[in-house]
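The values are calculated or read from the model by the stated rules, or taken from the named source; none is laboratory data. Keep in mind the model is a prediction, meaning the values are calculated, not measured. With ideal geometry, Cβ positions are generated from the backbone for all residues, glycine too; neighbour counts draw on all protein chains shown.
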Amino acid sequence: MTARGAAAAVLVAFYGACLVFGPAGALPGHAALQPPSIAHPLGTDDLGRDMLAAILQAGRGSLLVAAVATVLALLLGLAAGLAAGIGPPLLDQALMRLAEIVSSLPALLAAVLVAALFGGSGWHLALVLGFTRWPMVARILRAETQALLAREFLRAAWALGATPWQVARRHLLPCLAAPLLAGAGIVFGGAVLAEAALAFVGLGDPEAGSWGRMIAQGFAMLGLGWWLWLWPVATLVVVSGLVAVAAGDGSAA
Amino acid sequence: MSPRRLAVLLVVALLAAPAAAQPRGGAAVIAVAGDPGHLNPAISTAGPLHAVAASLFNGLVALDEAGMPQPDLAESWTVAPDGLSVAFRLRTGVRWHDGHLFTAEDVKVGFEHILLRFHARARAGLAPAIAGIDTDGALGVTFRLHRPHPALLRQLDVTEAPILPAHLFAGTDPATNPANLRPVGTGPFRFDSHRRDDQVVLLRNPDYFRPGLPRLDRLVFRIIPDANTQVNALLANEVDMLARVAPPDAARLRGRGVTLTETRAAAGGSNCVMTLGFNLDRALPGNIALREALALGIDRQRMVDQVAFGQGRVADAPIASGIAWAHRAGALAAWAPDAAEANRRLDAAGLRRGPDGLRASLDILHFPAFARWSEMLRQQLAPLGIALRVRMLDPAALAQAVFARRDFDLALISYCNGTDPEIGVRRMVHSAAIGPVPFSNAAGYRNAEVDALFDRAASLPEDAARGDAYRAAQAILARDLPYLWLVETDFTAAWRDSFADFAPWTGQVAERAWRSR
Amino acid sequence: MMRRAWRLAGPLVLRAGFGVLAVLVAASLAFVLAWNAPGGPVVALAGDSVAPGQVEEIAARHGIDRPWHQAWLAWMGRLLRGDLGMSWREQQPVAALIRERLPLTLALSVSAAALAALVGIVCGTVVAARAARWPVALFAALHAVPGYVVAQGLVLVFALGLSVLPVQGIADARDPAAGGVALLLERTRHLVLPVMALALHQLCFVALLVRAGVAGQLALPYVTAAMARGRSRRGARWRHALPNALLPVANLTAMRVGALLGGALVIEVAFALPGLGRLAVTAALARDHPVVIGAVVVACAIAWMANLAADLAAGLADPRLRAR
């Protein structure tokens, strides 16, 4: 198995564990500030919550934001990228200019402002990220599409009278799966980090736990227990590292 | 020398002696969480603004740590026997920072032109009671009242009614006056500079009317939004004082060269009670059985221990224990934690558990700063089968959602009682205070008996008789539970051991502070 | 002559036009968001307790009681004339507030970007020659650490542990430097940790990119030819492979200016630096809409100009693009 495959498998397993074992709703209180033990492998926090349960629960929030943002960015990027690649030059120009405008908006600033104005919410964040990150996917797809269209098997398809829709579905999409996945990985990783960053500055979703918030609060209580800070930091770093490897972030290969 | 003059001299010497013994000079850096914006404390009641601006100004009276009025700009006062007027004698020789003399005209213009129109609490609490303000020479001011208003003196300190210079504000729009950005006051410190979101620098006022004060040469308010960074800055000796320390941070600072002081008051509020407000207009929170079950199901002592790290007390009455003459001790004693009884009352009221063990789901609104409180509530109510959906809102959004749109089930609010129930309790429970006004009657509670008792207490001259009325009202409130009074929270201030005599319970936090070495 | 001038300047003019359009779109979006945000400026302006009637007075004073399209037209008209309006809370022109903050945010992000580029290029080139995988793994791991965690670590070690660098702020509160060298030194001392925290992520990114690029170039025949002419391996790497690997680095650095501004925001909060990001967040929380919109306009304009600069630089550096 390649490193990418392994990383992706670990990620899926981890987020699966968050969904299955991460408790929904309020976490029960035990004795507060207990160091790691058999009963609480990662210790308990200042309100007596089990750290392991809290980290798994936070994973659900992280997954929600990242998954919704990724799906949205992929759909928008796929539509725009294919249309720009296949469609008439004027459409191509218009879409690429639009992509340029959107991608020049600082996404994190937009997310922070939305959170500050409307209150922290996983859905808001996912929407903001989805609507600002699609140009990256669209650019990748447009370039790939144009390169593919120049290849012989597609020229043959055109010559045989295939409609643009057929070309896109039968011939392009299968070839585009790999770059699409890479784009998805980058959007996913960005969303995981953005969710944590917003929660860190206190603009996260209050409903869901968040590694970012745990890091901020854990640092404040570092004198009371190192485990309050270390576990969420480790989780966030490992997850974002795995996402980068799984997406084959170009540079890391 | 006449014996009387000798006595006066002796008193002066005695008063002056400790002042002379403290070292003079030096700078103090105080961390505050938010930028004040402008520095006119008479047109806004915002906390960050008052934390800084109160050192620049004075009120007619000052309040001591127990909340009792002491002379400030007014040297003395007399209340008329019928309670319908209060005459103040002002201090002589007080000068504004720009050299103008302070006179009765400043008081009249300050109230009529600015405070009663723009300062929210003065406008809501004082304006309806005041019939007119008359000057009597340069140093006499008389407040004429529509009805006896015993809370008046507690509403005239630098937080509730700071006095602004008439020569800069008369005939102008106070909201856009340039003096808001370059303030001129009578206070112990005068304005030097303000770099937004960075710091406000104040310098010693050499002409301050209290001889020998202030002792510090420079007072720097450093704006540090992140509480964590504030604590680190204190530990790294970059900051000398934190005006407000969160309970977990206080635990972290203990024994590290830092003096921690717990007070019931701080700039902008005193006698604050963390309170759970029920939206009585809605079916679920309007159901008394549910409210009783919540009161029985919540372990408030655990909140004191774990959320407040011991800084505070379980609230045992609707009026805070800090207002001792009005407090009804043990009014809430019936609501000790009893999960079995809570479950029984919920069952009896027909709020049965669904297949998932859930009886009801309520939304709870609060400021982001109260996240640990609501987390503890979620934790404690889950076993009762009551789920809380948390909606954290900033002040602007919360005020609108709770008081204008009334779109909430529960609201977790820190209600500060102030130094008189008239200031901070009436607005929570009186039916006249229902409406789109932020931090008024969140519950939407109407009870003619309670209204009558509060109205009666507001018009009696004596604290003893007033206290009886307030205590009667508290018995009704503890039965009706429009709110659940959770914990009386104390404020904690922290300063480095090389400093002394900060007064974190007043606006003028550094008037007497000094630095050793 | 005219046609030649147009061929050179035309694309630029077009792009500038698109830039103005992009900024206007962003400003309108910010307006729509601000206008529909729950709550109003009342609490920030009048304080936590508000008297009856004050809500309406404040709405009328700031024109919030108008229908939204009137307000939008008024604001956009003002924006087109280059006027960003007055802050409601601070009673100052928005442009002045932004001018006050911008230098710090720019200093922070530009130094971080420059540091990341320099150190990243050197590290990337050095490790490109090695077969070992651990440098790549190290950079990839550090790349995954968010800036604020780096900030926490740096504060723990350098500020609280060793007490050599300050925890917060841009100047010493007790004894601020007056000017000249002392001021420069003080600013540097205060910005070292924030810049490092902001730079590390980008640095790892650049290092990985350069390593991959240089390694790729090293395999090409022209490098072999250079070595055949007597260049040392090292010389070939630095003189031949690196310059050709740099183009995508410059481009991607400029593309990431927006992200860098976002990261700067978090760092500004953590280190209590009075920058543009904090201005925007404070204003959004206080519902000081003119400031929110002004900050968005400026941030977008900066990101846009960085993109433009990247394209121009790429055109100058790469003859293939110049010809197009």
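The table below lists the values:
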{"item": "Residues (more than 7 Å from chain B (Cβ to nearest Cβ) and either on the phi < 0 side of the Ramachandran plot or in contact with an Asp or Glu (Cβ under 8 Å, 6 or more places away or on another chain) (or both)) located in the stretch C:43-57", "result": "C:Glu56, C:Glu57"}
{"item": "Residue, nearest to the chain's Cα centre (by Cα), within the stretch A:1-23, restricted to residues that are assigned to a loop (DSSP other than H, G, I, E, B) and under 30 Å from A:Leu181 (Cβ atoms)", "result": "A:Gly22"}
{"item": "Residue list for the stretch C:277-299, restricted to those being under 18 Å from C:Asn36 (Cβ atoms) and of a type in the set (D, E, K, R)", "result": "C:Arg287, C:Asp288"}
{"item": "All helices (runs of 4 or more DSSP H) inside the stretch C:140-253 with 1 or more residues being within 21 Å of the chain's Cα centre (by Cα) and touching a residue at least 24 places away in the same chain (Cβ under 8 Å)", "result": "C:147-154, C:180-218"}
{"item": "Filter result for B:Ala401 (in the same structural domain as B:Ile423 (by TED's automatic domain parsing), small (Gly, Ala, Ser), out of contact with any strand residue (DSSP E or B) (no Cβ under 8 Å at 6 or more places or on another chain) and under 30 Å from B:Val450 (Cα atoms))", "result": "no"}
{"item": "Verdict on B:Arg91 being modelled with pLDDT of 90 or more and basic (Lys, Arg)", "result": "yes"}
{"item": "Sole residue being away from chain B (no Cβ under 14 Å), touching a residue at least 12 places away in the same chain (Cβ under 8 Å), small (Gly, Ala, Ser) and under 20 Å from A:Leu113 (Cβ atoms), chosen from C:Ala22, C:Ala37", "result": "C:Ala22"}
{"item": "In the stretch B:183-196, the residues that are within 14 Å of chain C (Cβ to nearest Cβ) and surrounded by 24 or more Cβ atoms within 10 Å (Cβ to Cβ)", "result": "B:Pro183"}
{"item": "Residue within the stretch A:244-251 that is part of a loop (DSSP other than H, G, I, E, B), small (Gly, Ala, Ser) and facing chain C (nearest Cβ under 8 Å) present", "result": "yes"}
{"item": "Those residues of the stretch B:496-505 which are surrounded by fewer than 23 Cβ atoms within 10 Å (Cβ to Cβ) and assigned to a loop (DSSP other than H, G, I, E, B), in sequence order", "result": "B:Asp497, B:Ser498, B:Asp501, B:Ala503, B:Trp505"}
{"item": "Residue pairs meeting the criteria (Cβ under 6 Å; at least 6 apart or on separate chains; first of a type outside the set (Lys, Arg), in the stretch B:106-121; second buried (at least 19 other Cβ atoms within 10 Å of the Cβ) and in a helix (DSSP H, G or I))", "result": "B:Asp106/B:Ala166; B:Val109/B:Ala166; B:Leu115/B:Ala122; B:Leu116/B:Ala122; B:Leu116/B:Arg123; B:Ala120/C:Ala46"}
{"item": "Residues located in the stretch B:397-409, provided they are under 18 Å from C:Val50 (Cα atoms), within 10 Å of chain C (Cβ to nearest Cβ) and surrounded by fewer than 24 Cβ atoms within 10 Å (Cβ to Cβ)", "result": "B:Gln400, B:Ala401, B:Phe403, B:Ala404, B:Arg405"}
{"item": "Filter pass, B:Leu412 being within 21 Å of the chain's Cα centre (by Cα) and either under 20 Å from B:Pro285 (Cβ atoms) or at the interface with another protein chain (Cβ under 9 Å from one of its Cβ atoms) (or both)", "result": "yes"}
{"item": "Residue selected from the stretch A:29-55 under the condition of a type in the set (S, T, N, Q) and over 30 Å from the mean Cα position of the chain (by Cα), by the criterion surrounded by the most Cβ atoms within 10 Å (Cβ to Cβ)", "result": "A:Gln34"}
{"item": "Subset of the stretch C:28-57 (residues that are surrounded by fewer than 19 Cβ atoms within 10 Å (Cβ to Cβ) and in a helix (DSSP H, G or I))", "result": "C:Ser28, C:Leu29, C:Val32, C:Trp35, C:Asn36, C:Glu56, C:Glu57"}
{"item": "Positions within the stretch C:58-84 being within 14 Å of chain B (Cβ to nearest Cβ) and surrounded by 15 or more Cβ atoms within 10 Å (Cβ to Cβ), in sequence order", "result": "C:Ile58, C:Ala59, C:Arg61, C:His62, C:Ile64"}
{"item": "Selection count where residues are out of contact with any helix residue (DSSP H, G or I) (no Cβ under 8 Å at 6 or more places or on another chain), under 30 Å from B:Thr419 (Cα atoms) and surrounded by 14 or more Cβ atoms within 10 Å (Cβ to Cβ), scope the stretch B:328-368", "result": "1"}
{"item": "Pairs where the first residue, in the stretch C:278-304, is facing chain A (nearest Cβ under 7 Å) and the second is polar (S, T, N, Q) and buried (at least 24 other Cβ atoms within 10 Å of the Cβ), C-beta under 6 Å, 6+ apart", "result": "C:Ala303/A:Ser104; C:Trp304/A:Ser104"}
{"item": "Neighbours by Cβ (under 6 Å, 6+ apart or cross-chain): first from the stretch B:447-476, within 19 Å of B:Pro128 (Cβ to Cβ) and modelled with pLDDT under 95; second of a type in the set (Phe, Trp, Tyr) and buried (at least 16 other Cβ atoms within 10 Å of the Cβ)", "result": "B:Ala457/B:Tyr470"}
{"item": "Complete set of residues in the stretch C:224-252 that are β-branched (Val, Ile, Thr) and touching a helix residue (DSSP H, G or I) at 6+ places or on another chain (Cβ under 6 Å)", "result": "C:Val249"}
{"item": "Single residue of the stretch B:439-495 satisfying the filter (within 14 Å of another protein chain (Cβ to nearest Cβ) and out of contact with any Asp or Glu (no Cβ under 9 Å at 6 or more places or on another chain)) that is surrounded by the most Cβ atoms within 10 Å (Cβ to Cβ)", "result": "B:Ala442"}
{"item": "Residue within the stretch B:89-112 that is small (Gly, Ala, Ser), surrounded by fewer than 16 Cβ atoms within 10 Å (Cβ to Cβ) and over 26 Å from the mean Cα position of the chain (by Cα) present", "result": "yes"}
{"item": "Qualifying position, being within 30 Å of C:Ala219 (Cα to Cα), among the hydrophobic types (A, V, I, L, M, F, W, C) and in the same structural domain as C:Arg229 (by TED's automatic domain parsing), among C:Leu273, C:Leu261, C:Leu242, C:Leu279", "result": "C:Leu242"}
{"item": "Hits in the stretch B:197-222 (condition: within 7 Å of another protein chain (Cβ to nearest Cβ) and either in contact with a helix residue (DSSP H, G or I) (Cβ under 8 Å, 6 or more places away or on another chain) or outside any strand (DSSP E or B) (or both))", "result": "B:Asp197, B:Asp198, B:Arg222"}
